[in-house]
Each structure stands twice: as structure tokens, then as C-alpha cells.
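Data block below; observations after.
The values are calculated or read from the model by the stated rules, or taken from the named source; none is laboratory data. Predicted model, so just to flag it, every value in this text is computed and none were measured. No Cβ is skipped: glycine too gets one built from the backbone with ideal geometry, and neighbour counts run over all protein chains shown.
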Amino acid sequence: MGKFVAFVCIETQEKMEANGIYYFQVKHLLEKTSGLPCLLLDWRWVRPGFLEELGVRAAVLSGTGTDFLDIAPPERWEEFRRFVQGTEISLLGICGGHQLLAALLGPKPLSETLQIPPMRKLRPGEPDLEPSYHPGFFKEKGMFWVEVVRDDPIFRGLEKGLYVAESHYCEVKELPKELKLLASTPDCRVQAFRHRTRPIYGCQFHPESTELRYGGHYPDGRKFLENFFRVVGI
């Protein structure tokens, strides 16, 4: 069977259909950075053993603009949790996918751990960068400098930090013991992590959007993706 990478879309069916162009843009980017064909998959299709049957060697989990429990009830996520906890496939979670991996790899019930908390409320006089999205809460929106706090091969050529696109208001507050912190910003401590023993990474920032929107001026997003595939043996 052939070898592939996969882009797993974490969203409601309606938003996936409305944002189809973006998903195909990321699919093509992952093909360029990995050198392998990329399968575009709905997270609802993923069960233990499914990606292995397809010949997938690494999977990237997308971000999401919808709270996880608004996408599906906790019990609907249980099969996906079993996949994440048991697969030997390399994984990279981006933004919401990063938050989802941290939630699924922890020991707490999904009804609790899938409620991802906001970073913080806006301080007096602090501008709201996106008033239509969770008004009153601080957001990292735009290009940010992310500082590397622990050496890792995924930061090859980016040893001190990287300029990448951010678009979020909630964050991972606490990492399960199986995960170690790799990068931070002043307002969001968990900007990147890796599993201590398995080829699993998460990043709160958007390396794919950095490349698709700003790649000519900010090449760090593409470099990060290339490093991920290199680190996991692709």
C-alpha cells in the first residue's frame, strides 16, 4: 500500500463545507513540505486502526473556530481519543488540534477536559482585536514571536524562536505529565509541546497560515512543518 500523510479536519460539517478551499490549500502545502500525497479526512471517520489501514505515516490535526463540545458531545469524542492514545502514527496538532491532543492525552473525563478555558479577560483600556469573536476576552491575533523554551529538533534553524500566525482566545493551561513544554509567548505559556516517548507534537500557533498568507516575509511556518516531517522520519 502507498504511503501518505493526512490532514484531519476538526470542525462541524457545515463549517468544513464552507471552508473547503482552505482545507485543500493546507492539503497541498502538506504535500509540498512532506513530499508525500496528503489525504483530506473528516475527524468523524477516524477510528483506531483506520489511518494505519490507509497507509498514513503522519497526520496533522486542524484548528477549529468551534468549541469541541459544540462540535460533538463528549461520548462522540471517545473513539477519537482511543485513536490518539493508541496510534503509532506521528501526530501534529495545530491550534485547536493542539488543544485537542492535550485534552485527549490527559486522564480527566472528556466532559471536563474538552472545555478549553480562555487565556484571560481584557484588561482596562486594552483593545479587542476581534470584537465579533468572544468579546471581552484577550486574543492572540496576527503575527507573534514565539520563544523556544526547550531545545527540540522541530526547531532546527529556529533555535531561539519563530515568527508565526496566531488566531485564538483559549489555551492549554496545564499539560498532562506525558507532554513537555517547548515554546511560549508572554500571554500563552503552552505554545508548543511534544510527547515524552511518542512522535506527537502540538503547536498553538498556525504554521500553515503563516506560510499560506505570509510565507514570502515569514518563512518560519514552512520551516516548522518541514522540520516536523523530518523529525518523524518522512
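Looking at the range 32-119, the helices (runs of 4 or more DSSP H) lying wholly inside it that each contain 3 or more residues that are closer than 17 Å to LEU175 by Cα sit at 78-86, 96-104, 110-113.
Just to be sure before I move on: is GLY55 exposed (fewer than 14 other Cβ atoms within 10 Å of the Cβ) and at positive phi in the structure I sent? So GLY55 fails the test. Confirm whether LEU162 is more than 18 Å from THR113 (Cβ to Cβ), in a loop (DSSP other than H, G, I, E, B), in contact (Cβ under 8 Å) with a residue 40 or more places away in the chain and not hydroxyl-bearing (Ser, Thr, Tyr). No: the conditions fail for LEU162. Return a yes/no flag: does the range 115-136 have any residue that is modelled with pLDDT of 95 or more and under 17 Å from ILE10 (Cα atoms). Yes, the range 115-136 contains at least one residue that is modelled with pLDDT of 95 or more and under 17 Å from ILE10 (Cα atoms). Taken over the range 21-44, residues that are free of Cβ contacts under 8 Å to residues at least 24 places away in the same chain and touching a strand residue (DSSP E or B) at 6+ places or on another chain (Cβ under 9 Å) amount to 3. For the range 1-45, taking the residues that are β-branched (Val, Ile, Thr) and surrounded by fewer than 17 Cβ atoms within 10 Å (Cβ to Cβ), the one that is nearest to GLU208 (Cα to Cα) is identified as ILE21. Report yes if some residue within the range 88-100 is of a type outside the set (Phe, Trp, Tyr), without any contact (Cβ under 8 Å) to a residue 12 or more places away in the chain, loosely packed, with under 14 Cβ neighbours inside 10 Å and out of contact with any His (no Cβ under 8 Å at 6 or more places or on another chain); otherwise report no. Scanning the range 88-100 turns up no residue that is of a type outside the set (Phe, Trp, Tyr), without any contact (Cβ under 8 Å) to a residue 12 or more places away in the chain, loosely packed, with under 14 Cβ neighbours inside 10 Å and out of contact with any His (no Cβ under 8 Å at 6 or more places or on another chain). Could you pull out the residue among ARG47, ARG81 that is more than 27 Å from ARG230 (Cβ to Cβ), under 17 Å from the mean Cα position of the chain (by Cα) and without any contact (Cβ under 8 Å) to a residue 60 or more places away in the chain? The unique qualifying residue is ARG81. Restrict the check to the range 125-147 and report whether at least one residue is of a type outside the set (D, E, K, R), exposed (fewer than 13 other Cβ atoms within 10 Å of the Cβ) and part of a helix (DSSP H, G or I). No, the range 125-147 has no match at all.
Total residues in the range 188-234 satisfying the condition of being closer than 16 Å to LEU162 by Cα, part of a loop (DSSP other than H, G, I, E, B) and over 15 Å from the mean Cα position of the chain (by Cα): the figure is 5.
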